[in-house]
Amino acid sequence: GNSVTQMEGPVTLSEEAFLTINCTYTATGYPSLFWYVQYPGEGLQLLLKATKADDKGSNKGFEATYRKETTSFHLEKGSVQVSDSAVYFCALTPNTGNQFYFGTGTSLTVIP
Amino acid sequence: NAGVTQTPKFRILKIGQSMTLQCTQDMNHNYMYWYRQDPGMGLKLIYYSVGAGITDKGEVPNGYNVSRSTTEDFPLRLELAAPSQTSVYFCASSPDRGIYNSPLHFGNGTRLTVT
C-alpha cells in the first residue's frame, strides 16, 4: 500500500539554526513526492515537489531530494527564520489512482 | 483569483443536527477532495471526485455524503452530527490527473464542533 511516515514533533529551533524534517514513504510504482506547509489558521500550501528519483525540489530556501534507494524525502533548510514557524506535511501521490497520502505533520516553532 | 473557497469558517452543531459544508473552486479543476484534520493525525480523505457527476469514498466516509453537480462545487453533507465529527475540514482541488504530479490547492478550512 501507500503511506508516509514523518518524524514526530514538535520541533523547536533558534533562528538561523539548521532544519531537517525526516520523511519516508511506502508506495507502489514511482510516486510523486511533496512537502506542504500550513500556517496557523490557513489551509495547506505546496512548498516543493519532486516527481522522479534524484530530483531535488526547492523553494524559499527549503530543499528536499527524492531518494528512491532509501525511500526518503527529507526536508532541509540551512537557516530558519521565525516566519518559518508552521506545520509541515510530507505527501505522495502514486502514478496510478486518484489519491494523495499525507504524513501526520511536524510542527516547527522558531524562536528569536 | 479566489482559488478554493470554503464556507463557513466556523460552526457549532448540536448532536443529531445536519449541515452542509460548501466548497467552490474557480480554477476549472476536475479533481476535488474533502479531508478532515484531527490533532496529531494528519489528513484523512473523506470523499473525492474526478469530475462532475462522479464521486468516490476515501478512507473515512461514514457519516458524510457528497455530490458534484458542477465542476466548480463539491459540498459535503453531515446528516446526523456526532461528537466524533468535531474536526477541521479542508476542501482541495487539482488539475486533471493526466498530469499526475499536479499538486493540491487547499481552501482555508471549516472548523466544526459538535456538542
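Readers should treat all values here as calculations from the given coordinates under stated rules, not as data from a laboratory. Computed from a prediction, not measured in an experiment: that's the story for all the values here. As a convention, Cβ positions derive from the backbone with ideal geometry for all residues, glycine included, and neighbour counts pool all protein chains shown.
Points to keep in mind about this one:
- Rounded to the nearest 20 debye, dipole of chain A from Cβ charges on Lys, Arg, Asp, Glu: 340
- For B:Lys9, B:Lys44, A:Lys49, B:Lys14, order by how many other beta-carbon atoms lie within 10 Å, fewest first: B:Lys14, B:Lys9, B:Lys44, A:Lys49
- Residue of A:Thr65, A:Thr93, A:Thr26 that the Gaussian network model of chain A assigns the largest fluctuation, springs spanning Cα pairs under 10 Å: A:Thr26
- Within the listed set B:Thr86, B:Thr20, B:Thr70, the residue fluctuating most in the Gaussian network model of chain B (springs between alpha-carbon atoms under 10 angstrom) is B:Thr70.
- For segment B:37-115 and segment A:59-83, distance of Cα centres in Å: 28
- Size descriptors for the protein assembly as shown (Cα atoms only): Rg and Dmax, in that order, 17.6, 51 Å.
- Between B:Asp26 and B:Gly3, the built amide H atoms are under 5 Å apart, and every one of these is 5 or more places off in sequence or on another chain.
- Taking every alpha-carbon pair under 8 Å whose residues sit at least 6 apart, chain A reaches a relative contact order of 37 percent.
- Label separation (A:Thr12 vs B:Met27): 3.6 nm, computed from points 7 Å beyond Cα along the C-beta direction.
- Of A:Gln81, A:Gln99, A:Gln38, the one that fluctuates the most in a GNM where chain A has Cα springs shorter than 10 Å: A:Gln99
- Kirkwood's formula applied to the C-alpha pairs of chain B gives a hydrodynamic radius of 14.1 angstrom.
- Karplus-derived 3J(HN,Hα), 6.51/-1.76/1.60, for each residue of segment B:23-35, Hz, glycine and proline x: 9, 9, 10, 10, 9, 6, 7, 7, 9, 9, 9, 10, 10
- Every pair of different Cα atoms in chain A enters the Kirkwood calculation, which places the hydrodynamic radius at 14.0 Å.
- Amide H contacts under 5 Å for B:Arg68, placed H, 5+ residues apart: B:Gly53
- Value of relative contact order over chain B, rounded to a whole percent, pairs C-alpha under 8 Å and six or more apart: 35
- Cβ-based exposure ranking for A:Glu63, A:Glu69, in which fewest neighbours within 10 Å come first: A:Glu69, A:Glu63
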